[in-house]
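As structure tokens, the structure follows; a few thoughts come after it.
The values are calculated or read from the model by the stated rules, or taken from the named source; none is laboratory data. Computed from a prediction, not measured in an experiment: that's the story for all the values here. Cβ placement follows ideal geometry from the backbone for every residue including glycine, while neighbour counts extend to all protein chains displayed.
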Amino acid sequence: MEKLIITAAICGAEVMKEHNPAVPYTVEEIVREAKSAYDAGAAIVHLHVRKDDGTPTQDKARFKECIDAIKKVIPDVILIPSTGGAVGMTADERLQPTELFPEMATLDCGTCNFGDDVFVNTMPMLRDFGKRMLENNIKPEFECFEMGHLDTALNLVKKGQAPGHPMQINFVLGVPGCTSATIPNLCWLVSSIPCDATWTVTGVGRSEFPLAAAAIAMGGNVRVGFEDNVYLEKGVLAKSNGELVEKVVRIAKELGREIATSEEARIILGIKK
Ligand code: KMH
Ligand code: ZN
């Protein structure tokens, strides 16, 4: 099996300090959380940014400030800025971080429920996002929240409307209103991906670690972090994203899976030969 790539989704757009006081808002806090995750074994940081008061933003200047500050401290980390942003943002607003030419960015693969809201990703939007990533040489991480999102991602690549092989697909399971976080659902999704594709699972809420364990055993990769879950275990808030990553590293060790560095992850993901 390949080494395990751990992604840390350190803040997301929805979770707030009221949920866990360690959720980062300021540039300094975002750097602190990125470093804690990297030091614990994360090869990738999935990045959202906030204003100092915690409001989610896709502002290009704020992304640049955060990316530069993170890279100063952990220069080789792979950063995957979000183009999902927060529910209700426009496509142009969401696309701003792609103007910074990151090596990867998320590409959300369809409209879906998001709790009581609707996360809008129409087909024309997907084609625009795919085109931007083709133009700016950005490897997409295809975010699939629903079964049909995978077919959409496969079709985009087949039609040359988004950068393709090898595809990196992130199955985000357990968002309220979307596909539930079960191992049979994960197995079905994984059985439908191209043979040269890599995949990651993101289990939302209490399913974060059970799905992580399944993915480790299946040869997939794992995302954890405050964006998806703020608890280390039932009733115990994680003190940092690093604590969540450390728990994945412990499970992987027990199952005999080694952890990939960022440079090793670049090779596994096909970013670098
Ligand atoms: N905040 C969610 C509505 C992404 O980063 O691309 C969308 C999201 C996906 O987090
Ligand atoms: Zn995200």
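Just a few scattered comments:
- When the criteria are applied in full, Thr55 meets the requirement of being hydroxyl-bearing (Ser, Thr, Tyr) and within 16 Å of ligand 1 (Cβ to nearest atom).
- Some residue of the stretch 83-94 being away from ligand 1 (no atom under 12 Å from the Cβ) and in contact with a Leu (Cβ under 8 Å, 6 or more places away or on another chain): no
- Extreme residue, nearest to Val224 (Cα to Cα), among residues of the stretch 24-48 that are surrounded by fewer than 24 Cβ atoms within 10 Å (Cβ to Cβ) and among the β-branched types (Val, Ile, Thr): Val31
- Matching residues, the stretch 51-107, being basic (Lys, Arg) and either touching a Pro at 6+ places or on another chain (Cβ under 9 Å) or more than 23 Å from Pro21 (Cα to Cα) (or both): Lys60, Lys64, Lys71, Lys72, Arg94
- Every residue from the stretch 11-29 that is within 15 Å of ligand 2 (Cβ to nearest atom) and in contact with a strand residue (DSSP E or B) (Cβ under 6 Å, 6 or more places away or on another chain): Ala13
- In the stretch 3-24, the residues that are basic (Lys, Arg) form Cβ pairs under 7 Å with partners that are within 16 Å of ligand 1 (Cβ to nearest atom), at six or more places apart or across chains, as follows: Lys17/Val23; Lys17/Gly54.
- Residue satisfying all of: in the stretch 105-150; aromatic (Phe, Trp, Tyr) and over 19 Å from Ser192 (Cα atoms); farthest from ligand 1 (Cβ to nearest atom) among these: Phe129
- Residues being in a helix (DSSP H, G or I) and either away from ligand 2 (no atom under 15 Å from the Cβ) or on the phi > 0 side of the Ramachandran plot (or both) - total across the stretch 125-152: 15
- Of everything in the stretch 39-48 that is in contact with a strand residue (DSSP E or B) (Cβ under 9 Å, 6 or more places away or on another chain), in contact (Cβ under 8 Å) with a residue 60 or more places away in the chain and not in a loop (DSSP other than H, G, I, E, B), the residue that is nearest to ligand 1 (Cβ to nearest atom) is His46.
- Filtered residues of the stretch 232-273 (kept if closer than 24 Å to Asp196 by Cβ, surrounded by 18 or more Cβ atoms within 10 Å (Cβ to Cβ) and under 18 Å from the mean Cα position of the chain (by Cα)): Ile259, Ala260, Ser262, Ala265, Arg266, Ile268, Leu269
- Residue match in the stretch 75-94 (condition: within 16 Å of the chain's Cα centre (by Cα), in contact (Cβ under 8 Å) with a residue 12 or more places away in the chain, part of a helix (DSSP H, G or I) and closer than 18 Å to Ala9 by Cα): yes
- Per the listing Val201, Val175, Val120, Val157, the residue uniquely modelled with pLDDT of 95 or more, closer than 22 Å to Ile267 by Cβ and surrounded by fewer than 23 Cβ atoms within 10 Å (Cβ to Cβ) is Val157.
- When the residues of the stretch 197-235 are filtered to those that are in a strand (DSSP E or B) and closer than 20 Å to Glu14 by Cα, the one that is farthest from ligand 1 (Cβ to nearest atom) is Leu232.
- Selection from the stretch 153-181 of residues that are assigned to a loop (DSSP other than H, G, I, E, B), without any contact (Cβ under 8 Å) to a residue 60 or more places away in the chain and more than 26 Å from Ile10 (Cβ to Cβ): Lys159, Gly160, Gln161, Gly164
- Taken over the stretch 95-109, the criterion of being within 15 Å of ligand 2 (Cβ to nearest atom) and either surrounded by fewer than 24 Cβ atoms within 10 Å (Cβ to Cβ) or in contact (Cβ under 8 Å) with a residue 60 or more places away in the chain (or both) is satisfied by Leu95, Gln96, Thr98, Pro102, Met104, Thr106.
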